[in-house]
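Notes to accompany the following structure.
The values are calculated or read from the model by the stated rules, or taken from the named source; none is laboratory data. Since this is a predicted model, take the numbers as computed values, not measurements. Neighbour counts are summed over all protein chains in view; Cβ atoms, including those assigned to glycine, are modelled from backbone coordinates with ideal geometry.
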Amino acid sequence: MRSFDLIIIGTGSGNSIIGPEHDDWDIALVERGVFGGTCLNVGCIPSKMFVFAAEVAELAAKVGPSLGVHTEMNGADWPRIRDRVFGRIDPIAAGGEDYRKSLEHITVFQHDARFVGPKMLMVGEETITAEHIVLAAGARPFVPEVPGLAEAGFHTSDSIMRVDELPRRLAVLGGGYIATELGNVFGQFGTDVTFVLRSSRFLRGEDHEVSDRFSEIYRDKFSTRIDTNVVSARREGDEVVLELESKGETSELRVDEVLVATGRVPNGDQLRVEESGVRLDPQGYVITDAHLRTDVEGIWALGDITNPVQLKHAANHEARVVAHNLVNPEAMIETDHRFVPHAVFGHPQVASVGLTEQQCIDQGRPYIAHRQAYGSAAYGWAMEDLESFAKVIADPDTRQLIGAHIIGPQASTLIQQLIQGMTFGQTVDQMAREQYYIHPGLPEVIEQALLEL
């Protein structure tokens, strides 16, 4: 059995742990898929490249004409769009793999892996061990058990972005961020998209006012089946036929392709981490302490395999914590997950940090809240934006911001100053009054919202 100083399972954020301080370490990198992990290859980066192109299509089709600009959408060259995306991404993944393989102190294993005993990892046909092991193996798409679905054929976010041609009709199962982003992409390029939601709203984890507004917009843009379950699926020729049930009534939906976007599950079970003594919580996430140590001495975990938020920026933060703690055991640092933001790059964008109003109510926590329309600020008024808003929630006693939720253009950018204010403990009054807001920039919406609290 070969022994290493460090084994890293997964080449997403886990790959970034390796630095000059490890030049004299004997390291094993284990990757069963493509180098770079989910974000680079099948997640954040390619999806946002498609999102940007889809936004251009939607602006041309709808926004330009409404402002008197003679733009229109005359179709999409899907192979060209797709090849632009992966023609840039695939070389990065390949380059990362080649670089790691070129280093003498790193051995790359490109196989499935599973634990077969305490700190003993079976990789392909070989068993390896190490003083330190980092679990950074990510998560995978969750596929519900729908009779006939596997036989009928379906896509997940892992495969839908690489299809050879635009489907004429696409069913999207799910109403979360993956579903809404990719569904909108295909819809703007000309596909007839139907969303199938088990609940009554999109983005149901967002603040209710944001979720309600987003749901209104998407129901206007797309065919939507709410409060609906997929009972079965079958293939008839080139069609996939979904049998749906809603409120006791059944119906059929005929499409060319199905995108399953019903969430993601961590890969700890596939690694059989419990064989090494590592515990999983009831949802299947690896349990760690604030230093990202598991119950087993020398085994660490980071990213989607341990963190339910499943966000790349959270995984990157955790990778920095693990990287520090590996070489500084006498001066370890902890993770800081107080204010983890997220964004949904649908159209409109959504961004959020902290508590929602509903969470405050459920917790019995006193709060004050205000919603500010984009159109109340000069630039929002110039855009003739009647749908977008920023919502801020604060503690009435400390005057500190405890939640912020934005729906509209540039939401993922506008929220950043609020994250910073929360992190450094500023009151809403300090955020609003102790800095200049460029007039007539869109951040004035944030200024006005804070002033109203």
Quiz item: Taking the stated definitions as given, is Lys101 among the basic types (Lys, Arg), under 19 Å from Gly37 (Cβ atoms) and not assigned by TED's automatic domain parsing to the domain that holds Ile178?
Solution: yes
Practice problem: Consider only pairs whose beta carbons are under 6 Å apart and that are at least six residues apart or on different chains; among these, list those whose first residue lies in region 186-208 and is over 23 Å from Glu239 (Cβ atoms) and touching a residue at least 40 places away in the same chain (Cβ under 8 Å) and whose second residue is of a type outside the set (Phe, Trp, Tyr) and in a loop (DSSP other than H, G, I, E, B). | Solution: Asp207/Thr356
Practice problem: Residues being out of contact with any helix residue (DSSP H, G or I) (no Cβ under 8 Å at 6 or more places or on another chain), outside any loop (DSSP other than H, G, I, E, B) and either of a type outside the set (Phe, Trp, Tyr) or more than 17 Å from Thr11 (Cα to Cα) (or both): count how many of those fall in region 102-120. | Solution: 2
Quiz item: Given the structure, is Gly68 touching an Asp or Glu at 6+ places or on another chain (Cβ under 7 Å) and small (Gly, Ala, Ser)?
Solution: no
Quiz prompt | Filter result for Ala137 (out of contact with any Ser or Thr (no Cβ under 9 Å at 6 or more places or on another chain), among the small types (Gly, Ala, Ser), within 27 Å of Asn307 (Cβ to Cβ) and touching a residue at least 40 places away in the same chain (Cβ under 8 Å)) | solution = yes
Quiz item: Restricting attention to region 378-409, which residues are closer than 13 Å to Glu444 by Cβ and surrounded by fewer than 17 Cβ atoms within 10 Å (Cβ to Cβ)?
Solution: Ala378, Trp381, Ala382
Practice problem: Check whether at least one residue in region 31-46 is outside any loop (DSSP other than H, G, I, E, B), in contact (Cβ under 8 Å) with a residue 60 or more places away in the chain and in contact with a strand residue (DSSP E or B) (Cβ under 9 Å, 6 or more places away or on another chain), and report yes or no. | Solution: yes
Quiz item: Does region 233-255 include one or more residues that are crowded, with 22+ Cβ neighbours inside 10 Å, touching a residue at least 12 places away in the same chain (Cβ under 8 Å) and not in a strand (DSSP E or B)?
Solution: no
Practice problem: State which residue pairs qualify: first residue without any contact (Cβ under 8 Å) to a residue 40 or more places away in the chain and inside region 284-297, second residue in a loop (DSSP other than H, G, I, E, B) and charged (D, E, K, R) in any location, beta carbons under 6 Å apart, and separation of 6 or more residues or different chains. | Solution: Ile287/Arg279; Ile287/Asp281; Asp295/Arg279
Self-check item: Hits in region 256-292 (condition: part of a strand (DSSP E or B) and either under 19 Å from Val143 (Cβ atoms) or within 21 Å of the chain's Cα centre (by Cα) (or both))
Solution: Glu257, Val258, Leu259, Val260, Arg264, Val265, Pro266, Val286
Practice problem: Could you check, for region 444-453, whether at least one of its residues is more than 19 Å from Gly346 (Cβ to Cβ) and surrounded by fewer than 18 Cβ atoms within 10 Å (Cβ to Cβ)? | Solution: yes
Quiz item: Checking Ile89 against (1) touching a residue at least 24 places away in the same chain (Cβ under 8 Å); (2) surrounded by 15 or more Cβ atoms within 10 Å (Cβ to Cβ); (3) in the same structural domain as Gln310 (by TED's automatic domain parsing); (4) touching a strand residue (DSSP E or B) at 6+ places or on another chain (Cβ under 9 Å), which test does it fail?
Solution: (4)
Quiz item: Just checking, which of Ala76, Ala28, Ala54, Ala60 is in contact with a Ser or Thr (Cβ under 7 Å, 6 or more places away or on another chain), closer than 30 Å to Ile217 by Cα and among the hydrophobic types (A, V, I, L, M, F, W, C)?
Solution: Ala60
Self-check item: Unmet criterion (only one of (1) over 22 Å from the mean Cα position of the chain (by Cα); (2) closer than 12 Å to Val445 by Cα) for Gln363
Solution: (2)
